[in-house]
Structure formats: structure tokens, C-alpha cells
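What follows draws every value from the coordinates through simple rules; no lab data is involved. Values in this document were obtained by computation on a predicted structure and should not be read as measured data. Because the Cβ atoms are built from the backbone with ideal geometry, glycine has one as well, and the counts that use them run over all protein chains shown.
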Amino acid sequence: MFTPGKPLCTYIFLFVAIAIASCSPKLAPVKNNAAAANATTAAKTKVVKPPYFTTDSIYNVKADSLVGIVKLQQSVMLMDSSGLLAAPSEWVASVNFGIRKANYVIMHYTAQDSVQQTIRTFTLKHTEVSAHYLIGKDGKVYHMVNDYLRSNHAGVGKWGSLTDMNSISLGIEIDNKGNEPFTTAQTKSLILLLAQLKKAYAIPQANFLGHQDFAPKRKVDPGTYFPWKILSENGFGIWRDDVLEPAPENFDYKTALKLIGYDVSDVNAAIVAFKRHFVQTDSTARLSQLDLNVLYNVYQKFTM
Ligand SMILES: [Zn+2]
């Protein structure tokens, strides 16, 4: 499930984008001089736009506007509390830089009825949500936001000391209502996609997470049907061992959850998120001895 990022300039920007898009030259049929007699008929022919012509146009206008931000050469203004310049500053361009890359992948289920419904959700400006990728039940992968751009998929949450996950992650939505298994085709496509992303951006295995891990107080996706074990076997995300060492007596489960990365400000929510990911057969907030053993095992994998 997705969470809006609420950028302040979105409405102003998209208004301008739509205005520009609506003023763009329309595709027009090429007139055939030899068929001048049919000009009237040709003029009446309705031109069919590509299926996502309008949203593609808005995307391009918005992407063009970001180039201006990247090219901005302006020194930082260091003001004191009274609003006066408090320290000298100057812009001096370095010649050594590159583009920032994502270091996490956050996976979601859509909780919607169809992949077409989610495409519609992600192409309506008032929803304010998006993801870099969307995978349909047939395994088709829809790439919706360039990997180097920030999509609005993770929202408010915390993992370790990280809070702005949208700025450092790629979001993958998978067409699934949450109460059903993921299809074989989806899992196959997901593994192919993750392999490409992991290689392209050097993403560590432990940094493939679920939305519920990052936002345990708000989210439950990608849920208990998510194929974490299969993904981990392919190098994406951590999974527990089959044979578990017993957790020590007086095992500090709250500290273990925190050291893995969970936000333990609501420890019950953190336990539920952990169990939905690593236990899956039970997602209550109660920690059985088996759950503690799983936690001890996973904690060691994250902190070794
Ligand atoms: Zn989600």
C-alpha cells in the first residue's frame, strides 16, 4: 500500500503541467495530396492518442522542471534567528559529482482490485501516491517512475535512524489484495527485477524490506503471503534458518527488534510487523518461545 508524500508544490506544478500539456500541439493525421477529394473525410478522422499520452506529457514537464533544480548554482544562505546573514558563503562548482542512487527496496501489495486500478491510482494527481514499479498478476512489470527520482510509496515511518525512506529507496507495488497468495509469474518477475536493481545500485541483501517493516504502526503489507523465503534464497532480504538456536533466558526482545531496525516506540506494532515478515503463520503481538527463537536468529543475521 502506498503513502502520499505531500510535496507542497505539487498542486501548483501539476496545474502548470496540465496547462502546458493541454496547449501542446495535437497529433494530426498526415494529409495525402493524392486523396484531396477525401480531405473532408480525413479532417473528420479522430486521432487516437497513445494510451498514456496525457500522463506521459505531465511526467515529461515535471522531469524537465527538476533539471532546473539540479543546475541551480546558488550558495547556501546562512541566516541567524533574526533573519540576517550570519556567515559568508559562496558557490564554487566542483567538477566531481554524480547522481544519488537508492540503497533500499521497499515492497508492497496494492490492496486494490486490479493492476489497472492501481495504474489509475498512480496517474491521478490528487492521490499523491506512486511507486517506481508495479507488477501485475500475469508478471508484467510496469515501470512508472525513473529509478533516480523519488516516488511517494513509503510515507511516514522509521527504520533504524532512517526516516525519509522515499528519498533513499525504490518502491515496488505488487498487485495483490493482501488475503491471497502472490502468483508464480509475479514472484518470477520480482526476482528478475530485484536482481537488476541490486546489481545496478549495489543494494545490500538486508536492505530489501517490506512496507510493514518500515511503518509498523500504519502498514501491514506486503503481508503474510509474501515469498520472503524464496527472495532470500535468491539474495534479496534476510530469512530465518530452518534449525533455530533457542533464545537465551531473559532475551531482550525489544532491544533485538530495535537493533534489527524496527521502530519500537509501539513495541506491539513492531512485534506484529516482525512476525508478519519472519514467522508468517501467526501475526499476533504475543511472542511464543518459537517466535523468540526466530527473533534471536534474525537479530544475529542483521547484527553480525
Ligand atoms: Zn505499502
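Hey, what did the chain get for relative contact order, percent, Cα under 8 Å, at least 6 apart?
Reported relative contact order: 17 percent.
Please say if the range 207-299 is rounded, prolate or oblate, where rounded means a/c under 1.5 for a ≥ b ≥ c the square roots of the C-alpha gyration tensor eigenvalues, and otherwise the choice is prolate for a/b larger than b/c and oblate otherwise?
oblate
Please list, ordered by chain and number, the residues whose modelled amide H lies under 5 Å from the amide H of Y109; skip anything fewer than 5 residues away on the same chain.
I174
Would you please give the FRET efficiency between S94 and L66, computed as 1/(1 + (r/R0)^6) with r the Cβ-Cβ distance and R0 = 25 Å, to the nearest 0.05?
FRET efficiency, S94 to L66: 0.80.
Could you calculate the contour length gain from V76 to K217, that is, 0.36 nm times the residue separation minus the distance between their Cα atoms, to one decimal place in nm?
Stretched out fully, the V76 to K217 stretch lengthens by 47.1 nm.
Could you list log10 I(q)/I(0) for the range 153-247 at q = 0.20 Å⁻¹, which the Debye formula gives when each Cα is one point scatterer?
Debye intensities relative to I(0), on a log10 scale: -1.14.
Provide the per-residue ³J(HN,Hα) series for the range 189-203, in order, calculated from phi with Karplus coefficients 6.51, -1.76, 1.60 and θ = phi - 60°, each as a whole number of Hz, with x at glycine and proline positions.
Listing the rounded values in order: 5, 4, 5, 5, 5, 4, 4, 5, 5, 4, 6, 5, 10, 6, 7 Hz.
Quick check: residue separation of D113 and K301 times 0.36 nm, minus the Cα distance between them. What number comes out in nm?
Stretched out fully, the D113 to K301 stretch lengthens by 64.0 nm.
Using a 10 Å cut-off on Cβ atoms, rank the peptides 207-219, 238-250, 263-275 from the highest mean neighbour count down.
So the peptides 207-219, 238-250, 263-275, ranked by packing, come out 207-219, 263-275, 238-250.
Which order do the peptides 281-290, 121-130, 171-180 come out in when sorted by mean C-beta neighbours inside 10 angstrom, highest first?
The most tightly packed comes first, giving 171-180, 121-130, 281-290.
Kirkwood Rh over Cα pairs of the chain into Stokes-Einstein at 25 °C, 0.890 mPa s: D in µm²/s?
The calculation lands on 110 µm²/s.
Under the rule of at least 5 residues apart or a separate chain, name every residue whose amide H is placed under 5 Å from the amide H of D266.
none
So if R0 is 41 Å, what FRET efficiency would K46 and D147 give, r being the distance between their Cβ atoms, rounded to the nearest 0.05?
With a Förster radius of 41 Å, E is 0.65.
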